[in-house]
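> Got a structure here, written out as structure tokens. Questions coming.
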Amino acid sequence: MKKIDFRDQISSNKRKSFFLMIVVAIVLVVLGYVISMAFAPEYFFLIMIIAIIFSLGYTWFSFYNSASIAIASVGAKEAKRSEFPDYYRLVESLVVASNLPLPKLYIMKSKQINAFASGRDPKHAVVCVTTGALEKLDRRELEGVLAHELGHIANYDIRYITLVTVMVGMVAIISQIFLRSLWFGGGRGGNDKSGVIFIIIGIALAILAPIVVMLVQASISRKREFSADATAVKFTRNPQGLIGALEKISKDSIVEKKVSKSVAPLFFSNPFRKLGGTHPPLNKRIEVLRSM
């Protein structure tokens, strides 16, 4: 198998993620244009402005408080150094290697092997691991998982994914506004043939666009997982720990039921143990790591 340099892997995934974000932006612009042609401009743009202000306000609040929201949603508790000295020592050695500030460390009670990172930037980051990860992973494997989470922090993945979430949310809001407004006769009228055509196109786009952008969002999330894996190798200079952790997870059938679907993309592996979605297949991640 051809060897892959982790630096090339990180750069490649960042380029692909940026391209996928452009796709989401294009879908948003096309949808907005078609709907604006189907409605009276002054009526449509007034609602658009309200929708955008609401969407941005909600997202700003969620983004600014992303770490506390994520921690509270899974019922995690702050890890005490006296109780988890090895956890602290591993993270402290990794932040030195990665030139990152020490994040706040948390513990989530769960038998599943998992972890996640959150926070709006490296200075306000948190890392959380499950009790299952601490119990089932050896030191090298746990180091690989923690390096992966620090990779998300170093790569500003939370900020990146939040931006995509804003765009996805705006597409969904605009689509719903358009479809609901049709019940109130918001179109340009049956006598205007071009208006009817744009309404038909708008209905099709309003139904399909949210599905398309959600698929793009999942694809971006998968790319960021590969980037974080590569960054972990950069920090540890050894992919074997991460490979070992992924192999143990692939044999672990425990499903985490108390995790919200909105938080699931943050985790090291899909807590619902489903393939695809926001996480790449474990065997694919292992294959890429073995080629580094």
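> Would it be correct to say that ILE207 is modelled with pLDDT under 90 and either surrounded by fewer than 16 Cβ atoms within 10 Å (Cβ to Cβ) or assigned to a loop (DSSP other than H, G, I, E, B) (or both)?
Yes, satisfied.
> Considering only residues that are at pLDDT below 80 and of a type in the set (Lys, Arg), which ones fall in the stretch 249-292?
The answer is LYS257, LYS258, LYS261, ARG273, LYS274.
> Just name the residue that is farthest from VAL145 (Cα to Cα) out of those in the stretch 247-286 that are crowded, with 23+ Cβ neighbours inside 10 Å and hydrophobic (A, V, I, L, M, F, W, C).
Only one residue tops the list, namely LEU266.
> List every residue pair whose Cβ atoms sit under 8 Å apart, with the two residues 6 or more apart in sequence or on different chains, where the first one lies in the stretch 71-85 and is under 13 Å from ALA117 (Cα atoms) and the second, anywhere, is in a helix (DSSP H, G or I).
none
> Would a scan of the stretch 14-27 turn up a residue that is over 21 Å from ILE158 (Cα atoms) and either modelled with pLDDT under 80 or β-branched (Val, Ile, Thr) (or both)?
yes
> I'm trying to understand the selection: among the residues of the stretch 236-259, which are within 17 Å of LEU289 (Cβ to Cβ) and among the polar types (S, T, N, Q)?
Those that are within 17 Å of LEU289 (Cβ to Cβ) and among the polar types (S, T, N, Q): THR236, ASN238, GLN240, SER250.
The values are calculated or read from the model by the stated rules, or taken from the named source; none is laboratory data. Keep in mind that what you see is a predicted model, and the values were worked out from it rather than measured. Neighbour counts run over all protein chains shown; Cβ positions are idealised from the backbone, glycine included.
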